[in-house]
Amino acid sequence: MEVKDLAVSFQTYFGEVEAVRGVSFYVDRGETVALVGESGCGKSVTANSIMQLLPVPPAFYKRGQIFFEGEDLLQKSEKEMQKIRGNKISMIFQDPMTSLNPTMKVGKQIVEGIIKHQKLSKDEAKKKAIEMLDLVAVPQPEKRVNQYPHEFSGGMRQRVMIALAMVSNPELLIADEPTTALDVTVQAQILDLMKQIQRKYGTSIILITHDLGVVADMSDRVIVMYGGMLMEEGTSYEIFKNPKHPYTRKLLDSVPRLDMDRSESLHSIAGTPPDLYKPPKGCPFFERCDEAMVICKDHMPEKEYHTDTHYSLCWLNHPMAKGATEGSGI
Amino acid sequence: MVEPLISVRNIKKYFDVGKGKTLKAVDGISFDIYPGETFGLVGESGCGKSTAGRTIIRLYEPTDGEVYFNGENIYKLSRSEMNRVRRDFQMIFQDPYASLNPRMPVEDIIAEPLDIHKAYKSQKERRDRVIELLKLVGLNEEHAQRFPHEFSGGQRQRIGIARALALNPKFIVCDEPISALDVSIQAQIVNLLKELQKDFGLTYLFIAHDLSMVRYISDRVGVMYLGHMMELATSEELYSEPIHPYTQALLSAIPIPDPEIQRNRQRIILEGDVPSPIDPKENCRFVDRCRFATDRCRMEIPEFREIKKDHFVACHRAEEILKGNIS
């Protein structure tokens, strides 16, 4: 899967909101890529664009391509997309209660998903549904298959969502904040389950989250987003051990860690993210950046590669900016 | 020896859920909170931590128990006597969108406690106090006439804090004050709370499910599970040497934002879910998910006892775990 220069905007009463402004990345087979950032950074819009789940209008795709198995998903008709959604690409959402149908038995919802994409009889599909529930470790699947979503706990519902997403053995699984609504002990169970399934089927995962702990646990590569743009990308180790963008560094410093000294102070980032009605011309992080320089205000930096897998978009990392050090900002 | 500011003794809060069933949200917890400290209360959803916080300051009428504040049992006070004590207690809520009246300008929101307790002599005094409070929390005079919807989540939480400070309280219950905020904003609010604590000698009960944040802000931490207190110790000790099997599992489940450490950790993954708090059995509440459970754990509720200095645990096998006989 490869996203090339994707730009998505929303037409609103007050004008255009440029939610995603030129985002490019790829996902290889069997790997987990995390999209990280704060609310409104464009991570969910990016994911929903891949599935084309955004309502058009108000949303519109300004430019870009999303290649999946060599074909541009943005050129596909709704009918063609329906064959891909839930089949080759699946998605799980943050809140399993609102994404399952409350009036329908869990088994029937899974059976529907199976029959839509696979030529199986109803009985065969039901058998498969029970197998899927068993796969995601729902106890007593024969009994649970005939229950409604409200009879499941939050963690169990998320397991059902994963079962539903995995019925057609998708190539790509998009997980949008899959554990944000869950307690930590249940979160650990679900993350464990996702890893097992990935090992078994070689599924690629795009993980969208704001929880850096979950990112460290799950992902091979990390993409940091801010103000609708990519700020930095690298392997998990590169991003956590050697962050090159001031925003990434600040983000990592602002979360308390279990192994940190309590007398260390927590670094907060002053201010709030930019308004995407009128996105800044230059670097979106300019207003909140301690190390900002004059050029950052009106000019967006280019990608600067640190290794083959690690790049950042920051003027500080420009080869000509070697003299710039911390505190030399304006 | 410092006297505790608040002493909580065996408090219970039951809710009648119909059909003769009782939801035991808080089922007999006891602890002390000392002046100027931050006491963290952690646990997963439904463990009763928020109910405990609200019952302690008598926002909920308790089912049983005693809470001593300045040596006085506040559960015994009449309504008017309680109003007098209320000035010293304040609360900061989780959802800054739901806890501010959308039809009131910020000035009136912050001044509401002053209005209720008639804490000013003139309109000018009221306004000056509001401006002073706005500045304290990092906002300014111009914000006074605006309405809540004009503010971001972090700013709204600042307004909530200003309101809580209006009457110079001694004790503030912070119920998940940062859970709804982005990480970079969380740090701003936590730093603000710490500063205010230092400047005004405030005492906090900090309720949260984010264990890393609780460790960072709290001096001592209590861990709740299904209405019971399972373990209580200083922040350092609880996180470095947890004794209760539940605390151990809870801590090992938190992902650490460092791939090297996170991927090489030994983790305890709990089976199943938290059971229902409706008519729970009279045994250890954690027994069904505990890896050390014995028959005794299924028969009787373990006593919450001091197992080493300032470290309390409710587990029949705490001594064995402490000695390292089982792990």
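Quick rundown of the values:
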read-out	value
In region B:191-211, the residues that are touching a residue at least 40 places away in the same chain (Cβ under 8 Å), within 11 Å of chain A (Cβ to nearest Cβ) and in a loop (DSSP other than H, G, I, E, B)	B:His209
Strands (runs of 3 or more DSSP E) contained in region A:1-108 and holding at least 3 residues farther than 27 Å from B:Pro259 by Cβ and polar (S, T, N, Q)	A:2-12
Boolean, A:Tyr201 is aromatic (Phe, Trp, Tyr) and more than 10 Å from chain B (Cβ to nearest Cβ)	yes
Residue in region A:69-79 that is crowded, with 17+ Cβ neighbours inside 10 Å, in contact (Cβ under 8 Å) with a residue 24 or more places away in the chain and either touching a Lys or Arg at 6+ places or on another chain (Cβ under 8 Å) or not assigned by TED's automatic domain parsing to the domain that holds A:Tyr201 (or both) present	no
Any chance B:Gln157 is more than 26 Å from B:Ser218 (Cβ to Cβ) and at pLDDT 90 or above	no
2 or more residues touching a His at 6+ places or on another chain (Cβ under 9 Å) and touching a residue at least 12 places away in the same chain (Cβ under 8 Å): qualifying strands (runs of 3 or more DSSP E) within region B:1-94	B:22-33
Residue in region B:159-190 that is nearest to the chain's Cα centre (by Cα), counting only those that are in a helix (DSSP H, G or I), small (Gly, Ala, Ser) and within 14 Å of chain A (Cβ to nearest Cβ)	B:Ala187
Residue in region B:254-273 that is of a type outside the set (S, T, N, Q), buried (at least 18 other Cβ atoms within 10 Å of the Cβ) and away from chain A (no Cβ under 11 Å) present	no
Enumeration of residues in region A:205-237 that are more than 10 Å from chain B (Cβ to nearest Cβ) and among the charged types (D, E, K, R)	A:Arg221, A:Glu232, A:Glu233
Cross-chain or 6+ apart pairs with Cβ under 9 Å, region B:269-285 first and within 16 Å of B:Lys13 (Cα to Cα), then of a type in the set (S, T, N, Q)	B:Ile278/B:Thr22; B:Asp279/B:Thr22
Region A:238-251, residues that are surrounded by fewer than 20 Cβ atoms within 10 Å (Cβ to Cβ) and facing chain B (nearest Cβ under 9 Å)	A:Lys241
Residues of region A:148-189 classified as in contact (Cβ under 8 Å) with a residue 60 or more places away in the chain and either facing chain B (nearest Cβ under 9 Å) or under 17 Å from the mean Cα position of the chain (by Cα) (or both), total	15
Some residue of region B:241-251 being touching a strand residue (DSSP E or B) at 6+ places or on another chain (Cβ under 7 Å), among the charged types (D, E, K, R) and over 27 Å from A:Val215 (Cβ atoms)	no
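The values are calculated or read from the model by the stated rules, or taken from the named source; none is laboratory data. If you're wondering where the values come from, they're calculated on a predicted model, not measured in any experiment. Cβ atoms come from the backbone with ideal geometry, glycine included; neighbour counts cover every protein chain shown.
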